[in-house]
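S.K.: Once you've had a glance at the structure underneath, I'll fire off some questions.
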């Protein structure tokens, strides 16, 4: 469990059947083998951690091909993410950027866990978030002309030069992306003028909501962000970001370079086995605006994804990430063969899930419980009634 300050005090506790509210915020429940917080498990009747079990026999636990592809490392990390208030505006690196950044942080002499580190490992962090409840996100950047229209709807005089730049940049199709320039200008706004600008933006958003204007939903989100993080310039930067509310079962895919912020809700997150996050605002954690601007690709597509039905109550979410693939299952009492043939993580989110291997050995997972299936488990069936998520390795 990760007790980040933005976490909910209800969602994960309720999922696991514990008293609500929890004693403190519970932001993320990790299932995986990341070295900073590996999952516990029982193997041969003894307690262990998943990273240690895999390190002892990577070809056996992961399968020879997966172990070779990913250097003996479980390539994905499964999470329950419960946002009680807005997370940071952030971006994740590509594999090459992560390797270079991790090396540079080491060369700077920054110890593991140092607050000033941007890179805690040398892996990329593409991710998919599937909503369990309505989940509000800022995902990717608006088209320049759309961003200009939104800013002008608010009629904040200080922002008119930015709207003009966005409009001109869109018409001229100039070298580089004008959105990167505008974000940089917002995040480097003179310190003495920030409070007044934020106040004017929030007041304009309140007026838009009161008038039920064309951007009232986006403005309601910005008002909430301002309540969660008062005085933060990320409030103004949010004007450039695409707003969406995922409905349960709908997902968003975040590739490298995609600027985003999760605002509110509970979801299942599956990502490459990394914790690399570079932040620009809406956080008390380390911020590195130049590094964020270097990593951000304003034109990168941040798609919303619907599940693709595979039959028998199983659906999958198609993404290009080689490290992972996410499946969702709604099962009755009839056994269904679980997808995937390498290492898998299985999480029950509703009901009791019964897993059975080819030898007839069974394991029951209650709501909020999870299991690791090694490559040697091979064919495993699942029966409910239950709803579950299954994480597997993606295609090369």
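Bear in mind that the values in this text are calculations on the coordinates, not laboratory data. The model shown is predicted, which means the values in this text are computed figures rather than measured ones. When we count neighbours, we look across all protein chains shown, and the Cβ atoms used for this are built from the backbone with ideal geometry, even at glycine.
S.K.: Using a Förster distance of 30 Å, how high is the FRET efficiency between residue 44 and residue 116, based on the Cβ-Cβ distance and rounded to 0.05?
M.R.: For R0 = 30 Å, the calculated efficiency reads 0.10.
S.K.: Kirkwood hydrodynamic radius, the stretch 316-392, all distinct C-alpha pairs: what's the number in Å?
M.R.: Mean inverse Cα-Cα distance, inverted, gives 12.3 Å.
S.K.: If you don't mind, there's one more thing I want to ask. Helix 178-187 sits at what angle to the longest principal axis of the chain, using alpha carbons and giving 0 to 90 degrees rounded to 10?
M.R.: Taking the Cα atoms of the chain, the angle to 178-187 is about 80 degrees.
S.K.: May I ask you to derive the FRET efficiency for residue 224 and residue 57 from their Cβ-Cβ distance with R0 = 51 Å, giving the value to the nearest 0.05?
M.R.: Efficiency for this residue pair is about 0.60.
S.K.: How big is the Rg/Rh ratio for the chain, C-alpha atoms only, Rh by Kirkwood, two decimals?
M.R.: With Rg and the Kirkwood Rh in hand, the quotient comes to 0.99.
S.K.: For the stretch 316-392, what does the relative contact order come out to in percent, with C-alpha contacts under 8 Å and a separation of six or more?
M.R.: 45 percent
S.K.: What distance in nm separates the simple spin-label points at residue 199 and residue 143, each placed 7 Å from Cα in the Cβ direction?
M.R.: 3.6 nm
S.K.: While we're looking at this one, here's another question. Please tell me the relative contact order of the chain in percent, rounded to the nearest whole number, where contacts are Cα pairs under 8 Å and at least six residues apart.
M.R.: 21 percent
S.K.: Rounded to the nearest 10 degrees, what's the angle between the helix 144-154 long axis and the longest principal axis of the chain, both from Cα atoms, 0 to 90?
M.R.: It works out to around 60 degrees.
S.K.: If we sort 282-290, 123-131, 370-378 on the protection proxy, mean other Cβ atoms within 10 Å, highest first, what's the order?
M.R.: 123-131, 370-378, 282-290
S.K.: Please report how far the C-alpha centroid of the stretch 1-21 lies from that of the stretch 83-115, rounded to the nearest whole angstrom.
M.R.: If we compute the Cα centre of each part, the gap is 26 Å.
S.K.: Still on this model: Spin-label point model (7 Å from Cα, Cβ direction): what's the residue 20 to residue 304 distance in nm?
M.R.: 2.6 nm
S.K.: Using a 10 Å cut-off on Cβ atoms, rank the peptides 190-201, 334-345 from the highest mean neighbour count down.
M.R.: 334-345, 190-201
S.K.: Calculated FRET efficiency, residue 211 and residue 158, Cβ-Cβ r, R0 22 Å, to nearest 0.05?
M.R.: 0.60
S.K.: What is the distance, in nm, between label points placed 7 Å from the Cα along the Cα-to-Cβ direction at residue 289 and at residue 350?
M.R.: A separation of 4.4 nm, rounded to one decimal place.
S.K.: Based on alpha-carbon centroids, what's the gap between the stretch 273-328 and the stretch 117-169 in Å, whole number please?
M.R.: Rounded to whole Å, the Cα centres lie 15 Å apart.
S.K.: Taking Rh as the Kirkwood radius computed over C-alpha pairs, what is the Stokes-Einstein D of the stretch 29-110 at 20 °C in a medium of viscosity 1.002 mPa s, expressed in µm² per second?
M.R.: 141 µm²/s
S.K.: Using just the alpha carbons, could you tell me how many Å³ per residue the convex hull of the stretch 150-282 encloses?
M.R.: Dividing the Cα hull volume of the stretch 150-282 by its residues yields 140 Å³.
S.K.: Angle, helix 160-172 long axis vs. longest principal axis of the chain, Cα atoms, 0 to 90°, nearest 10?
M.R.: It is inclined by approximately 70 degrees.
S.K.: Could you work out the relative contact order of the stretch 142-240? I mean the mean sequence separation of Cα pairs under 8 Å and 6+ apart, divided by the number of residues, in percent.
M.R.: Worked out over the stretch 142-240, it gives 29 percent.
S.K.: A follow-up question, please. Per DSSP H run of n ≥ 4, the term is -39500 (n - 2.57); total these for the chain, divide by its residue number, and report the mean residue ellipticity at 222 nm rounded to 500 deg cm²/dmol.
M.R.: Mean residue ellipticity at 222 nm (helix-derived): -8500 deg cm²/dmol.
S.K.: Show me the three semi-axes of the equivalent ellipsoid for the stretch 301-347, from the C-alpha gyration tensor (sqrt of 5 times each eigenvalue), largest first, rounded to whole Å.
M.R.: Each semi-axis is the square root of five times an eigenvalue, giving 21, 14, 8 Å.
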